[in-house]
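Here is the structure we will look at.
The values are calculated or read from the model by the stated rules, or taken from the named source; none is laboratory data. Computed from a prediction, not measured in an experiment: that's the story for all the values here. Positions of Cβ are generated from backbone atoms using ideal geometry, with glycine treated the same way; all protein chains shown enter the neighbour counts. The area values use the complete protein model at the heavy-atom level, side chains included, leaving out ligands, DNA and RNA. Shrake-Rupley method; radii C 1.70, N 1.55, O 1.52, S 1.80 Å.
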Amino acid sequence: MLASAIREVKALEPRRFEGRVTALEGLRIEASGPAEALKLGASVRFATRDGPRGELVGFEGERAIILACDPLEGLGLGAPVLFSAGVDFVRPSDTWLGRVIDAFAEPLDGLGPLRAGLRQRPVRSIAPNAQSRARVQDRLALGVKAIDVFAPCATGQRLGVFAGSGVGKSTLMSMLARNAEADVVVIGLIGERGREVREFVEDTLGPEGLKRSVIVTATSDEAAPRRRRAAWLTLAVAEHFRDEGKKVICFLDSVTRFAMAQREIGLAAGEPPTTRGYTPSVFAELPKLLERAGPGVIAAPGEPQGHITGLFTVLVDGDDHNEPVADAVRAILDGHVTLSRAIAERGRFPSVDVLRSISRLTQLLYTADEKQIATRARRLLALYANMEELVRIGAYAKGADPEVDEAVSLWPKIEAFLNQDTNEGVLPSDAFASLDAILRSGAPLQQPVLQQPSNQRNAAGAGGR
């Protein structure tokens, strides 16, 4: 610990670098300054050391391109620009649990200043080496039947929630935050409506949920560098608890708004727009952000193994699930849960479309009996989806196909099974037992009888709700 403190003291930059504003154009500010201070990603202050913040995002010849993080009313040509040449870092600690902070780790909850931890951590870090990371193998009970049964999640997995606007994405995230098994929950609210932040803290999490949570927020009216930095800070805080051996769940709502912030920054820095206006840096930054979640470095024998289970929401543009950001994120993550507007409109919540949702770790997490139950339920739902229009208009004659008859008969029961109240949490074992009973009630054929998994890694944790 002493050696680490000595390294940090030696790394401090005692010099002060100052430049001047040379041009103002929309969101873009150009400034001159000493060459050794002009470094990509450097933090700046305008006018005074306590003045508005900015971030150096590019260069135009010998001049720095800066985007402001705070309002700049009154700033004029020739105004001083103070450059910070040091690494952008933060000092998370366990005392941050129960707090709501902004993109610069400053408190927003009126509960006084945050207590800094002993170790500093870069806000923008890189993921651990792939070969040094632990394996993902233990099931994580999320408490939502549609996901636990049809797209099971493992501790340390990264799962995406893809949805258009107004189909229950935030509601599903609140269910997961309340019911999922974890030691610590770190929540990043990126580009959210200001009204929703307080509602999420007070109504969704409540006092008990907040005790184990850290919330990082940058609302939609904040500058693009703040929104991007809030996402980075969310992962930095999660990494702190992971390195302490904790089981961390990291919620990021939403990745799309992080991508939009990066697009604003890239366009201001002079990058060329590509598909739908997104700049190349957007697709370079997404894997760097998302790969930071996942299992930690293999722990020494006898030490707890820390993981970050990432649950990332993606707001699909115009309900197009193949739009550029959604397509890129789906390729990076270990599975995706798709919410359907059609399902939401008929009043079933959470509006999870199980036929379009998948977990890449399904084969690892299912027992043999659970696999049979989930596979058969999927097949029946797919059969009903294919025949639904014919059934509704009376073009299908009952008895023409026994399997379709069974699908039509069981569909209302499976639909009712998938419906779940926002305050209800269900263990995976109970969910599979309920679905097994529904399937056995529909046909006299031999059906798998659900048994408790013998392997501990496949069992739902006792802490689920």
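Summary table
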{"read-out": "Extreme residue, farthest from Val90 (Cα to Cα), among residues of segment 24-63 that are hydrophobic (A, V, I, L, M, F, W, C), open to solvent by 30 Å² or more (accessible area, probe 1.4 Å) and not in a loop (DSSP other than H, G, I, E, B)", "value": "Leu24"}
{"read-out": "Selected residue (criterion: surrounded by the most Cβ atoms within 10 Å (Cβ to Cβ)) from residues of segment 301-353 that are outside any helix (DSSP H, G or I) and at positive phi", "value": "Gly335"}
{"read-out": "Pro113 under 20 Å from the mean Cα position of the chain (by Cα) and farther than 30 Å from Leu364 by Cβ", "value": "no"}
{"read-out": "Complete set of residues in segment 399-432 that are in contact with a Leu (Cβ under 8 Å, 6 or more places away or on another chain) and surrounded by fewer than 17 Cβ atoms within 10 Å (Cβ to Cβ)", "value": "Glu403"}
{"read-out": "Residue match in segment 96-117 (condition: at positive phi and free of Cβ contacts under 8 Å to residues at least 12 places away in the same chain)", "value": "yes"}
{"read-out": "Residue in segment 163-182 that is farther than 20 Å from Phe417 by Cα, of a type in the set (A, V, I, L, M, F, W, C) and at pLDDT 95 or above present", "value": "no"}
{"read-out": "Tabulated pairs, segment 350-376, first over 17 Å from Leu172 (Cβ atoms), second open to solvent by less than 30 Å² (accessible area, probe 1.4 Å) and among the charged types (D, E, K, R), C-beta under 7 angstrom, 6+ apart or interchain", "value": "Leu365/Arg139; Ile373/Asp436"}
{"read-out": "Selection from segment 354-367 of residues that are among the polar types (S, T, N, Q) and surrounded by fewer than 17 Cβ atoms within 10 Å (Cβ to Cβ)", "value": "Gln363"}
{"read-out": "Identity of the residue in segment 267-300, in contact (Cβ under 8 Å) with a residue 60 or more places away in the chain and assigned to a helix (DSSP H, G or I), that ends up most open to solvent (accessible area, probe 1.4 Å)", "value": "Lys288"}
{"read-out": "Out of Val185, Val149, Val100, sole residue that is under 25 Å from Asp334 (Cβ atoms), in contact with a strand residue (DSSP E or B) (Cβ under 7 Å, 6 or more places away or on another chain), at pLDDT 90 or above and not in a loop (DSSP other than H, G, I, E, B)", "value": "Val185"}
